[in-house]
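So the structure is just underneath, and the comments pick up after that.
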Amino acid sequence: PDMKPYEIVEHTAEIGIRAYGRTRKELFAHMAQGMFGLIVPSEEVKKRSSHSVRATAEGGERLLVAWLRELLFLFDTTHFLGCTFEIRGLTENKLEAKVSGEKLDHRRHHVDKEVKAVTYCDLFMERGADGIWSAQVIFDI
């Protein structure tokens, strides 16, 4: 079936993303794509370097939040924008990924929203009867 990777969910001081994937790995990659897409339009970001990112947490939804928080921390501390997310290892409570992208360059990148935090508000992750995974995460902006 046709499936879009993610869609925007509007809030006031928040914005949400609902992401989809055929596998949990794809879901986690699409959610990361969505989060960085809020900051800078994804078509503006090139693969110039990569980082290894690890996250650990108790259980699936918490791991999703931990993953996004690691990526946001990477952005906040090094201004690194991810564009491709290769999830190399994913268990119930541990994730390892190679994230490719580049540093924020104000001459080329148009910053759309400042993502301040990844929240647990209205968080969910589930696998539908069709086998497609979906999740929702709300961000403070």
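Annotations
- Residues His51, His110, His30 ordered from highest to lowest accessible area at a 1.4 Å probe: His110, His51, His30.
- Simple spin-label estimate for Arg127 and Glu14 gives 2.7 nm between the two label positions (7 Å along the Cα-to-Cβ direction from each Cα).
- The charge dipole of the chain, taken about its Cα centre with unit charges on the Cβ of Lys, Arg, Asp and Glu (plus for the first two, minus for the last two), comes to roughly 600 debye.
- Stokes-Einstein translational diffusion, the range 63-141 - Kirkwood Rh over all Cα pairs, 1.002 mPa s, 20 °C, in µm²/s: 150
- Shape summary: the range 1-136 maps onto an equivalent ellipsoid whose semi-axes, from the alpha-carbon gyration tensor, are 22, 17, 15 Å in decreasing order.
- For the cross-link pairs Lys25/Lys47; Lys47/Lys94; Lys4/Lys116; Lys4/Lys103; Lys4/Lys94, the ones whose C-alpha atoms lie over 23 Å apart are Lys47/Lys94; Lys4/Lys116; Lys4/Lys103; Lys4/Lys94.
- Computed with a 1.4 Å probe over protein heavy atoms only, the accessible surface of the range 6-141 comes to 51 Å² per residue.
- Working from label points 7 Å from Cα in the Cα-to-Cβ sense, the Arg22 to Thr78 distance is 3.1 nm.
- The chain: relative contact order as a whole-number percent, Cα under 8 Å and 6+ apart: 30
- If you model the range 66-112 as an ellipsoid using its alpha carbon gyration tensor, with each semi-axis the square root of five times an eigenvalue, the axes come out at 24, 11, 7 Å, biggest first.
The values are calculated or read from the model by the stated rules, or taken from the named source; none is laboratory data. What you see is a predicted model; the values in this text were computed from it and never measured. Positions of Cβ are generated from backbone atoms using ideal geometry, with glycine treated the same way; all protein chains shown enter the neighbour counts. Accessible surface areas use protein heavy atoms only, side chains included; no ligands, DNA or RNA. Shrake-Rupley method; radii C 1.70, N 1.55, O 1.52, S 1.80 Å.
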